[in-house]
1. Can you give the extra length, in nm with one decimal, that the chain gains between E185 and N283 once fully stretched, where that is 0.36 nm per residue apart less the Cα-Cα distance?
2. Take F115, F211 and order them by how many other Cβ atoms sit within 10 Å, fewest up front.
3. What's the local net charge at V86, with K and R +1, D and E -1, over the other residues with C-beta under 10 Å away?
4. Return an integer: the convex hull volume of the alpha-carbon atoms of the range 59-199, in Å³ per residue.
5. May I ask for the equivalent-ellipsoid semi-axes of the chain, computed as the square root of five times each C-alpha gyration tensor eigenvalue and listed largest first in whole Å?
6. For the range 318-382, place one equal point scatterer on every Cα, skip the solvent, and apply the Debye formula. What is log10 of I(q)/I(0) at q = 0.16, 0.20, 0.26, 0.27 Å⁻¹?
7. Once both axes come from the Cα atoms, what is the angle between helix 23-38 and the longest principal axis of the chain, in degrees from 0 to 90, rounded to 10?
8. Where Lys and Arg each count +1 and Asp and Glu each count -1, what net charge lies around L264 among other residues with Cβ under 12 Å from its Cβ?
Amino acid sequence: MTEHIKCPNYKKCGGCQLQNLPYERQLSFKQVKCIKLLGRYHHINEIIGMENPYHYRNKVQAAFTTKNGKILSGVYQSSTHNIVPVDSCMIEDKIADEIIVTIRKLLKSFKLKTFDDNTFKGFLRHVLVKRSFTLGQVMVVLVTGTTDFPNESKFVNALLSRHSEITTIVQNVNNKRTSLVLGNETRVLYGDGYIEDELMGKRFRISPKAFYQVNPTQTAVLYGKALEFANLNGNETVIDAYCGTGTIGILASDKAKRVIGVELNADAVKDAKVNAQLNDVDNIEFYEDDAGKFMTNLAVTGETVDLVIMDPPRAGASLEFLRSLITLSPEKVVYISCNPETLARDLSFLTRKGYKVRKIQPVDMFPHTEHVEVVCYISRIK
């Protein structure tokens, strides 16, 4: 039995909706949820949980504010703009939490003010910490409301003297009225401006804006299942749709003849190309394009694809994308979903258009929250 740890911020924060349940009961709750939503399509394999479902997040984000003269840092309360003060979180990386607390203390000693969203004055808005669990590298992103950084070098040196594990520090400027954390302007204050991580024998570069799965332990489980379901033999052409920084496509490249990654985000495509070079992968190519349009154009030119790996956002695949998938008509589809509700909707469409669901595997990527990831293997009915 996994120990049931009670979080002091549980009722205020709202981030860990299932934290009142012992972990085994959380897994049962998610299993039942998947059966209710997806059971009509196929048998649901038993959900794969974590041996230690705590401090799994390798990316930690903290908002900063000042209340009654006291500097606070923490997380936004669920569905509000109120900051819940947090020094340590049961699902966040401990080192990242410690660094954020240090930055809060340094602000006071350096007489630096937090940014005020109402007056649009002040300095620090957010801090983002990303850590490579395999290589130990740590990136700190200071999100500021202004480019001006008083006592910049002294502040950086003071932070490094307290946390020698930090390998790079970046200033990101966000001076817009927006709910987005990161702005467009970035300056490297120390180190390379990025970190690297190893996943399933491959190396990946993580820049401040790059999307990278936040639970590396379960990412290996999730992607491992996706590749197991794909059952590649080395002769296939594979499309990695919504490819992001190319993670799953690069992992699949060892067992495929050719991999094509498609992603609309230009920054992600740049990172994907770097990641391919880092791993000496020469049978993968990346395109900055809408995945649906790209696949339709492939079909029009008469190109054939054996497998489509798709990992859409929480909203699921668009109808245009699903139609393009049917037009391209690959033999196999591996659908990685972060939302079983939209997966159920998309499976309803695909199973009416000549495809059959063959395997469904839930994976607990986010213990203590309601979220559950699902890998689904679908093939064309012959």
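1. Answer, rounded to one decimal: 32.0 nm.
2. Values: F115 22, F211 16.
Lowest to highest Cβ neighbour count: F211, F115.
3. On the way: positive: K12; negative: D87, E92, D97.
Net charge around V86: -2.
4. Numbers: hull volume 16.6 nm³, N = 141.
Spelled out: Cα convex hull of the range 59-199, divided by residues, is 118 Å³.
5. Details: eigenvalues 294, 122, 68 Å².
The answer is 38, 25, 18 Å, longest axis first.
6. Computed log10 I(q)/I(0) values: -0.53, -0.77, -1.15, -1.22.
7. 40 degrees
8. Numbers: positive: K293; negative: E263, D267, E288, D289, D290.
Every neighbour counted, the sum reads -4.
Every number here is computed from the coordinates shown, using simple stated rules; none is lab data. Just so it is clear, the model here is predicted, and its values are computed rather than measured. Using ideal geometry, Cβ is built from the backbone for each residue, glycine included, and neighbour counts are taken over all protein chains shown.
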